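The values are calculated or read from the model by the stated rules, or taken from the named source; none is laboratory data. Remember, it's a predicted structure, so these values are computed and weren't measured experimentally. Cβ placement follows ideal geometry from the backbone for every residue including glycine, while neighbour counts extend to all protein chains displayed.
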Amino acid sequence: MKIALAGQPGCGRSTLFKALSGSSSADTSKPLTVHVPDERIDFLAEHWNPKSIVTATVTFFDVPSPAFNPKNMGRIKESSAVAYILDNYALGNLEETFLQNESELMISDLSIIEKRIARLQKESKGKLAEAQLLRRAMDSIENEIPLRLVEFTEQELDILSPFSLASLKPLLVVSNRAGEGVSDETAAGELVTRHGGAFLGIDSGFELELCDFPEEERGEFLESMGFAESGKTRVLSAAYSLLDLISFLTMGKDEVRAWPVKNGSTALEAAGTIHSDLARGFIRAQVIPFDLFKTTPDEAELRKTGSTGLHGKEYIVQDGDILEIKFSV
Ligand SMILES: Nc1nc2c(ncn2[C@@H]2O[C@H](COP(=O)(O)OP(=O)(O)OP(=O)(O)O)[C@@H](O)[C@H]2O)c(=O)[nH]1
Ligand SMILES: [Mg+2]
């Protein structure tokens, strides 16, 4: 999963990026890949002591200023979600800045759509459906409605997908604030929600300073600032729910691993995520919910008591399911 950190010049993108990396000397010109903390993986790793442990990861890009110009939009286009950083520490007008980002994002989409429509007009017939769909998208943007708010069918989304339209991507908005002097975020939060985005406040400067303290002490500092979890943890969990992802798990002596998949994925799709052979030769999926394994960490025992479920292709995978795919190719 890739997330592009964008926003107006000086909004604090690089500060947030460095806080996410845990180091003030992080190279902001390079992608940053962070591990998604997962207590279930910690437990399974402790139990199995495997050769390898693979957590889910999220990659962040610090999109340089000006973030929404055609050159820098590439980073946004290749990402699965966009994050706007709004500078609240400077007590700017959050709503105004948010809307400015929205229009710059939509202007970029509009130019892509207009070019494509112009080309379709020159080409011969046969692309009527695409042209109509693009007109609908264009109308929406001209009415200042980002594409993430428009209801498209799966089929329409497939047609739009090659254009990597930025306002169609899930949106996360971070109000970047200093501990003191935070302007009221209520109206901005509501506006972002109406635009289909998720909103959270992070004190990036403070979080970056925290990186210099030992891990054990950070929690206390965060608590004193009124935060239950670190900004990094909150960004990561917001990204997971924004993209509607869950994790299933696999375990063994060789590897303990978290696999992010779309919520609602079937056992067959989960198998295909691991390897195409597993999907091709799929027989059954053995499922142990993590909480069950935590209380009885003994597969043989669980099998004996009939607590391990054996499911077919259509089974809907749940967050924290420990899967073992039985297959034959
Ligand atoms: N007080 C306070 N200052 C911050 C915070 N975040 C960023 N700053 C300051 O704001 C200035 C700009 O922050 P950057 O993180 O460099 O912003 P940017 O968006 O990367 O800026 P450009 O890449 O130059 O467009 C720096 O001097 C930061 O120290 C914050 O949460 N609180
Ligand atoms: Mg910067």
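Data table
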quantity: Residue within segment 87-95 that is more than 16 Å from ligand 2 (Cβ to nearest atom) and over 30 Å from Gly12 (Cα atoms) present; calculated: no
quantity: Failed condition for Pro64, given (1) in contact (Cβ under 8 Å) with a residue 40 or more places away in the chain; (2) within 14 Å of ligand 2 (Cβ to nearest atom); calculated: (1)
quantity: Tabulated pairs, segment 182-211, first touching a residue at least 12 places away in the same chain (Cβ under 8 Å) and closer than 23 Å to Ser241 by Cβ, second assigned to a helix (DSSP H, G or I) and among the aromatic types (Phe, Trp, Tyr), C-beta under 8 angstrom, 6+ apart or interchain; calculated: Ala188/Phe98; Leu191/Phe98; Val192/Phe98; His195/Phe98
quantity: Residue selected from segment 79-100 under the condition surrounded by 21 or more Cβ atoms within 10 Å (Cβ to Cβ) and of a type in the set (S, T, N, Q), by the criterion farthest from Glu142 (Cα to Cα); calculated: Asn88
quantity: Lone qualifier among Ser103, Ser140 - being surrounded by 14 or more Cβ atoms within 10 Å (Cβ to Cβ) and in contact (Cβ under 8 Å) with a residue 40 or more places away in the chain; calculated: Ser103
quantity: Qualifying positions in segment 26-51 - more than 23 Å from Glu229 (Cα to Cα) and in the same structural domain as Lys232 (by TED's automatic domain parsing); calculated: Asp27, Thr28, Ser29, Lys30, Pro31
quantity: Segments classed as helices (runs of 4 or more DSSP H), wholly inside segment 178-228, with at least 2 members that are over 15 Å from Phe98 (Cβ atoms); calculated: 204-210, 215-224
quantity: Test: residue in segment 35-46 that is more than 20 Å from Thr233 (Cα to Cα) and in contact with a helix residue (DSSP H, G or I) (Cβ under 6 Å, 6 or more places away or on another chain); calculated: no
quantity: Looking only at segment 1-30, and only at residues there that are in contact (Cβ under 8 Å) with a residue 60 or more places away in the chain, surrounded by fewer than 20 Cβ atoms within 10 Å (Cβ to Cβ) and among the small types (Gly, Ala, Ser), the one that is farthest from ligand 2 (Cβ to nearest atom); calculated: Gly22
quantity: Single match in Met251, Met225 (criterion: more than 16 Å from ligand 1 (Cβ to nearest atom), among the aliphatic types (A, V, I, L, M), closer than 29 Å to Arg40 by Cβ and in contact with an Asp or Glu (Cβ under 9 Å, 6 or more places away or on another chain)); calculated: Met251
quantity: Answer from Gly205, Gly226, Gly219 - the residue that is surrounded by fewer than 19 Cβ atoms within 10 Å (Cβ to Cβ) and within 16 Å of ligand 2 (Cβ to nearest atom); calculated: Gly205
quantity: Scope segment 31-61; condition without any contact (Cβ under 8 Å) to a residue 40 or more places away in the chain and surrounded by 16 or more Cβ atoms within 10 Å (Cβ to Cβ); matching residues; calculated: Leu32
